[in-house]
Amino acid sequence: MDGMTKAEVDRIERSMIAHSDRPIRPRDAATLILLDRKDDDVLVLMGRRHAGHAFMPGKFVFPGGRTDPADSRIPVVAALHPEQEARLIAGPGRTSAARARAIALSAIRET
């Protein structure tokens, strides 16, 4: 599987800056890495991005995606495990418990 080279990342970043009159702002996103351990093999769930995408066209990626405002309103049966919630809150920025929950749910929704 091919990864992106630094030159490709730089080209995409320059293109995004050139086509925007505002600074690029990072967005919350989440992913899941799903493993299926069969016998001595480990299978990994991945998808391939469409060749027409501007960002990482044709690349293999783990399932996931951006966190949307609606993710904080998804009904759930149980709360996040306190340890996992604390790890999400401790991430960069000022993440609230509600935002941590939304980030976790976006990974599930995007899978």
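Sort Ser106, Ser15 so the one with the fewest other Cβ atoms within 10 Å of its own Cβ comes first. Present the calculation step by step, with values, prior to reporting the outcome.
Values: Ser106 23, Ser15 12.
Ranked by crowding around the Cβ, least crowded first: Ser15, Ser106.
Grab the Cα-Cα distance for Ile74 and Leu35, subtract it from 0.36 nm times how many residues apart they are, and report the gain in nm with one decimal.
Once the chain is fully extended between Ile74 and Leu35, it gains 11.5 nm.
Assuming R0 = 30 Å, what is the FRET efficiency of Met46 and Gln84, from their Cβ-Cβ distance, to the nearest 0.05?
0.85
What is the extension gain from Thr111 to Glu13, computed as 0.36 nm multiplied by their sequence separation minus the C-alpha to C-alpha distance, in nm to one decimal?
Values: separation 98, 0.36 × 98 = 35.28 nm, distance 2.61 nm.
Full-extension gain reported as 32.7 nm.
Can you quote the Å³ per residue value for the convex hull of the Cα atoms in the chain, rounded to an integer? Walk me through the numbers on the way to the answer.
Working: hull volume 18.1 nm³, N = 111.
Convex hull volume per residue, Cα atoms: 163 Å³.
Quick note: the coordinates plus some simple rules give every number you see, no bench work behind them. These figures come from a predicted structure and were not determined experimentally. All Cβ positions, glycine included, derive from the backbone under ideal geometry; neighbour counts span all protein chains shown.
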